[in-house]
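Single-structure report; data block below.
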Amino acid sequence: MRTRPFPPDGGPMTQASPRLALPFLQPAQAQKHVTHNEALRRLDTIVQLGLDTMGTTTPPGTPADGESHAIGAGATGDWAGHDGEVATWLDAAWDFVTPQAGWLATRTGDTDVFVHDGTGWVRATATVEFDNLAGVGVNAVANATNRLTSAAPATLLTHDGAGHQLKINKAGVADTASLLFQTDWSGRAEMGLAGNDAFSIKVSADGSSWDEVMNVGPGDAVVTTASMVGTVTATPGPGSAVIENGTGATGRYTKLADGTLICDVAAFATASGAPATWTLPAAFADAGFTVTATVLGGTPCVVTVSGQTAASVDVESFNLTGADTVTPDVNLVAVGRWT
């Protein structure tokens, strides 16, 4: 391959432009078109400069007309002695241009722009690194605490062909890993591992005072809730439980939030010749409750109830001939409504 001298006569370029070294037409110059065409050829290389390779040291074997290369250090063959220059294949010969600081170029297959700093080509567009960012704000401003911040109508996390997990990891048991739901930046509900390894759900009316709704201990799958067992009230609300249990001198009771009341007593002693009154451990809403009796001991008896009120019931026992002279102990269960 051959190379083309520049300027065309091989002599010193004394009449050329200071920046791009374009040859000027001289007075009384013969063949002015040669000088003019050489300047156009040079402009064709450096205007909208597109490089096929950068840092290459060996000329390609079959270059295409117009292809350009930024020559690296230690060039060989037809490029020997042209380190750092731009070589362009024109009219079956290599044309060489020395780039200057500030020239811009693109490279085939690369979307970045390169600038010449006077020594070599460097990227003018910095490569964006997404690792170890100080923060990311999507339509919002991130800060030291909320390093990933997004202001949007919705946030979508979807699968990549299978399942999807959102992982919230904490450093130690006493730390918190939770989802916090807020109204105007004031907490109203929280779920997760709050200060321990038990999964809990909490609610707050003001963002500072919190009530635990549910707690599931790690490893035992036991659900604890402040409103499951406690005092049942007619109007559900703070302090109202689902189940209320109680024990007194006259038996036990279980009160449910749906209005059901169950009272029972073990080994209730009946009296001879007259009813015995069972004072219920909890009062029903009215006398319309059901009582069942189980006779203790081996003597067959008939047990009847009468005189029911919301707070008591009379119990009487008879033998199989109808005499009320027997006094067996009985287990009693009353079921009805407390509200």
Please state which of the following conditions residue 158 fails to meet, knowing it meets all the rest: (1) out of contact with any His (no Cβ under 7 Å at 6 or more places or on another chain); (2) farther than 30 Å from residue 73 by Cα. (1)
Return the only residue of 189, 171 being outside the structural domain of residue 332 (by TED's automatic domain parsing), loosely packed, with under 13 Cβ neighbours inside 10 Å and among the small types (Gly, Ala, Ser). 171
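Please count how many residues of the stretch 105-118 are out of contact with any Pro (no Cβ under 6 Å at 6 or more places or on another chain), part of a strand (DSSP E or B) and under 22 Å from residue 75 (Cα atoms). Before you say what the answer is, go through the steps one by one.
Of the stretch 105-118, the ones out of contact with any Pro (no Cβ under 6 Å at 6 or more places or on another chain) are 105-115, 117-118.
Still in the list and also part of a strand (DSSP E or B): 105-107, 113-115.
Going one step further and asking which of them are under 22 Å from residue 75 (Cα atoms), we end up with 105-107, 114-115.
The total comes to 5.
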Condition (residue is closer than 26 Å to residue 255 by Cα, surrounded by 13 or more Cβ atoms within 10 Å (Cβ to Cβ) and of a type in the set (Ser, Thr, Tyr)) applied to the stretch 324-337: is it met by at least one residue? no
Please give the number of the condition residue 233 fails out of (1) in the same structural domain as residue 289 (by TED's automatic domain parsing); (2) of a type outside the set (Asp, Glu); (3) farther than 19 Å from residue 290 by Cβ. (1)
Within the stretch 266-281, residues more than 19 Å from residue 337 (Cβ to Cβ) and assigned to a strand (DSSP E or B) come out as 266, 267, 268, 269, 276, 277
Output the residue which, of all residues in the stretch 294-314 that are modelled with pLDDT of 95 or more and within 16 Å of residue 251 (Cα to Cα), is surrounded by the fewest Cβ atoms within 10 Å (Cβ to Cβ). 311
Looking only at the stretch 27-79, how many residues end up being among the aliphatic types (A, V, I, L, M), out of contact with any helix residue (DSSP H, G or I) (no Cβ under 7 Å at 6 or more places or on another chain) and either surrounded by 17 or more Cβ atoms within 10 Å (Cβ to Cβ) or not assigned by TED's automatic domain parsing to the domain that holds residue 94 (or both)? 7
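I need the full set of residues from the stretch 119-150 which are assigned to a loop (DSSP other than H, G, I, E, B) and either surrounded by 10 or more Cβ atoms within 10 Å (Cβ to Cβ) or touching a helix residue (DSSP H, G or I) at 6+ places or on another chain (Cβ under 7 Å) (or both), in order please.
Filtering the stretch 119-150 for residues assigned to a loop (DSSP other than H, G, I, E, B) gives 119-120, 124-135, 139-147.
Hits for the stretch 119-150 are 120, 124, 125, 133, 135, 140, 142, 143, 146, 147.
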Test result for residue 284, in the same structural domain as residue 248 (by TED's automatic domain parsing), at pLDDT 90 or above and part of a strand (DSSP E or B): no
Residues of the stretch 192-212 being surrounded by 14 or more Cβ atoms within 10 Å (Cβ to Cβ) and assigned to a strand (DSSP E or B), which ones? 192, 193, 194, 199, 200, 201, 202, 203, 204, 210, 212
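Do we have any residue at all in the stretch 241-252 that's among the basic types (Lys, Arg), in contact with a strand residue (DSSP E or B) (Cβ under 8 Å, 6 or more places away or on another chain) and under 27 Å from residue 335 (Cα atoms)?
Yes, that holds for at least one residue.
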Subset of the stretch 244-255, residues surrounded by 15 or more Cβ atoms within 10 Å (Cβ to Cβ) and in a strand (DSSP E or B), comes to 244, 251, 252, 253, 254, 255
Failed criterion for residue 233 (all others in (1) exposed (fewer than 15 other Cβ atoms within 10 Å of the Cβ); (2) closer than 30 Å to residue 201 by Cα; (3) polar (S, T, N, Q) hold): (1)
Which ones in the stretch 214-228 are farther than 20 Å from residue 245 by Cβ and touching a Ser or Thr at 6+ places or on another chain (Cβ under 6 Å)? none
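The values are calculated or read from the model by the stated rules, or taken from the named source; none is laboratory data. Quantities reported herein were computed from a predicted structural model and do not represent experimental measurements. Positions of Cβ are generated from backbone atoms using ideal geometry, with glycine treated the same way; all protein chains shown enter the neighbour counts.
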